[in-house]
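Reading through the structure tokens given below for one structure.
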Amino acid sequence: MARVYSGQSMKTIILIPLLSAICIAASAFGQDPVKTSPQFYKVLLENEKVRVLEFRLEPGEKEPQHSHPAGVVYVLNGATLKFSYPDGRTEERTAATGDTIWREPVTHAVENIGKTQAHVIVIDLKKSAPPSPGSGASGK
């Protein structure tokens, strides 16, 4: 026996799974590392242009999936880390003390697979607002 749905019922049937998929995708992407892993991060500075974080990860510790905007990572103590990405891809990277790394926006999970604590300063860039009148150099 064929079911007959009204236009409103059909929209609801389509809309509910679509909203569920969007919520699941939103929960997997765009998560703030300070909220997902406060035990690993300390906010050193935050304003409308940047957020500066101190990050520490002991050998064997794993950080859940989270996201960062574009920014810079400065390595205070080198370590070997395994990065896992939403598409299932993984990669292992070793960073040496003193390395300065440019990072594009990324969503990843991190595991310290080395023998030393990872200790870095993360500078996450924010979208900057246009300068307000009277701020900065006047050009005169």
Test set (1) more than 18 Å from GLN31 (Cα to Cα); (2) under 17 Å from the mean Cα position of the chain (by Cα) - GLU104 fails condition number: (1)
Sole residue being modelled with pLDDT of 60 or more and under 15 Å from the mean Cα position of the chain (by Cα), chosen from LYS49, LYS35: LYS35
Filter result (surrounded by 14 or more Cβ atoms within 10 Å (Cβ to Cβ) and assigned to a strand (DSSP E or B)) within the range 78-105: ALA79, THR80, LEU81, LYS82, PHE83, SER84, ALA95, ARG103
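The values are calculated or read from the model by the stated rules, or taken from the named source; none is laboratory data. What you see is a predicted model, and the numbers here were worked out from it, not measured in a lab. Note that each Cβ is placed from the backbone with ideal geometry, even for glycine, and that neighbours are counted across all protein chains shown.
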